[in-house]
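The values are calculated or read from the model by the stated rules, or taken from the named source; none is laboratory data. Keep in mind that what you see is a predicted model, and the values were worked out from it rather than measured. Backbone-built Cβ (ideal geometry, glycine too); neighbour counts: all protein chains shown.
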Amino acid sequence: MMSTSILKLIISVRSFLDSTGRNFEVFTKPDGSPVTTSDIGVQIVINRFLMENYSDDKWISEESDSGLPESFLQKVTNLLRESDPDFKLSSTEIAQILSNRGNQNGASWWMVDPIDGTRGFLRNEQFSVCLARFTEGKPVFGLLICPNLPFPRLDSPETGTIFYWEKGSEPVQFSYWNFEIKTQISVNKNPTGILLTSVERDHSRMEKVEKISQGAGFGKILSFDSQVKYGLLARGEAEALLRIPGSATYKEKVWDHAAGLGILEAASGQVSDVNGLPFYFSGEETLSKNFGLLASNGIRHFSILKQIEEIR
C-alpha cells in the first residue's frame, strides 16, 4: 500500500512537471551533459521530501548546485513558485537544499535521478523520475515516474505510467493521472524476441549489442531513454536489456539503475553486469565492482551472458 507521504511526493512531482511543461532552460555541465531547470526543480521537490521524512537516511543524487549559475537557480525558484503558490524559498535556500545529502552515516540510503534521460526529456520523448531506497545494500523501495510512457502497454492510447514497489508487497504500475487504476506487473516468461537498449548510441557499444542480439536470436531491438526500459521489462514487454559501455573503465552510476533494479527483481526479473556479477551497491555514487548491464526475464540470462562472452 502506497504511503500518504509517497503519494504526496508523486503529486508534487507531477504538479511541477505539468505546470512547467516545456518552459525550461538548459545548462551544460562540466562533463558535457545537459541539465535543465526541470531536473533541478524535481530534485528540490524530492530533497525536501527526504529532509521532511527521512532525515536519518543518506541520499545520493545526480544533481547538485555545483557550478550552476545564480540566474539558473533563480529560474528554478520561479518555476517552483508557479507550480506551488505556497512555495516561499529563495534561490539561496534552494542551493542549500540541493547540497543536502542527509545523514552520511545513515543505515539506509536513497538514490535519486530527478530526470533520468534528460536528452529524451529535451526531445519530449521518454524520461523517468527515479527514486530508490536501499538498506544494507539491498533494495527495499523503488519508484519510476514515466510521464510519456503509455499505460498500461506500449500500444495503449493513454500516456503516463508510474511503477512502484516496496519490500513486502508486489510491484505494480499506476496510471499517471488516476492512481486508482493500477495493475500488478511481472516479467513475461515467454520469449518476446525483443531486446532493449539506449537511444543514445554513445551509451553502449551498439555494434557489439547488435551482434549479441543476432547471436542470441532476438528479432528486434527497441531503443528507449532512461529507466523506462526497466519498467517495460518488468511489465513483460521485452525479454532483455543490454548495455555495454564504450570505455573499459566506465562505471555505472547508481542512480541510473537502483529504482529500476528493485522493481524488476520484485517482478521476477534478473539483473547482473555483463560479466554475470550481481550489482554491488556500496553507498557510493558508482557501481565500482561492475561493468555494463544485462537485465532479463531470467529465462535466457545465462545463455545471453555466454553470447556476450563470445562477442567480447
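Select, from LEU277, LEU195, LEU242, LEU233, the only residue that is under 17 Å from the mean Cα position of the chain (by Cα), modelled with pLDDT of 95 or more and not in a helix (DSSP H, G or I). Give the derivation first.
Working: LEU277 fails: under 17 Å from the mean Cα position of the chain (by Cα); LEU195 fails: under 17 Å from the mean Cα position of the chain (by Cα); LEU233 fails: not in a helix (DSSP H, G or I).
Just a single option satisfies the conditions, and that option is LEU242.
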Please go through the stretch 13-40 and give me each residue that is within 22 Å of SER90 (Cβ to Cβ), surrounded by 19 or more Cβ atoms within 10 Å (Cβ to Cβ) and in contact (Cβ under 8 Å) with a residue 60 or more places away in the chain, ordered by number. VAL13, PHE16, THR20, VAL35, THR36, SER38, ASP39, ILE40
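Looking for something surrounded by fewer than 24 Cβ atoms within 10 Å (Cβ to Cβ) and either at pLDDT below 95 or among the acidic types (Asp, Glu) (or both) - is there at least one such residue anywhere in the stretch 152-161? Write out each step before concluding.
Taking the stretch 152-161 as the starting set, the residues that turn out to be surrounded by fewer than 24 Cβ atoms within 10 Å (Cβ to Cβ) are 152-160.
Still in the running and either at pLDDT below 95 or among the acidic types (Asp, Glu) (or both): 155, 158.
There is at least one residue in the stretch 152-161 that is surrounded by fewer than 24 Cβ atoms within 10 Å (Cβ to Cβ) and either at pLDDT below 95 or among the acidic types (Asp, Glu) (or both).
Quick check on my filter: what residues within the stretch 198-219 are touching a residue at least 12 places away in the same chain (Cβ under 8 Å) and outside any loop (DSSP other than H, G, I, E, B)? Step through it out loud before you land on a result.
Restricting attention to the stretch 198-219, the residues satisfying the condition of being touching a residue at least 12 places away in the same chain (Cβ under 8 Å) are 198-200, 202-205, 208-209, 211-213, 215-219.
Once the filter is applied, which keeps residues that are touching a residue at least 12 places away in the same chain (Cβ under 8 Å) and outside any loop (DSSP other than H, G, I, E, B), the stretch 198-219 yields ASP202, HIS203, LYS208, VAL209, LYS211, ILE212, SER213, GLY215, ALA216.
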Kindly check whether there is at least one residue in the stretch 70-82 that is closer than 18 Å to LEU9 by Cα and out of contact with any helix residue (DSSP H, G or I) (no Cβ under 9 Å at 6 or more places or on another chain). yes
Residues in the stretch 305-312: is at least one more than 15 Å from PHE218 (Cα to Cα), part of a loop (DSSP other than H, G, I, E, B) and either of a type in the set (S, T, N, Q) or over 16 Å from the mean Cα position of the chain (by Cα) (or both)? yes
Please go through the stretch 141-170 and pick out each residue that is assigned to a loop (DSSP other than H, G, I, E, B) and without any contact (Cβ under 8 Å) to a residue 12 or more places away in the chain. ASP155, SER156, PRO157, GLY168
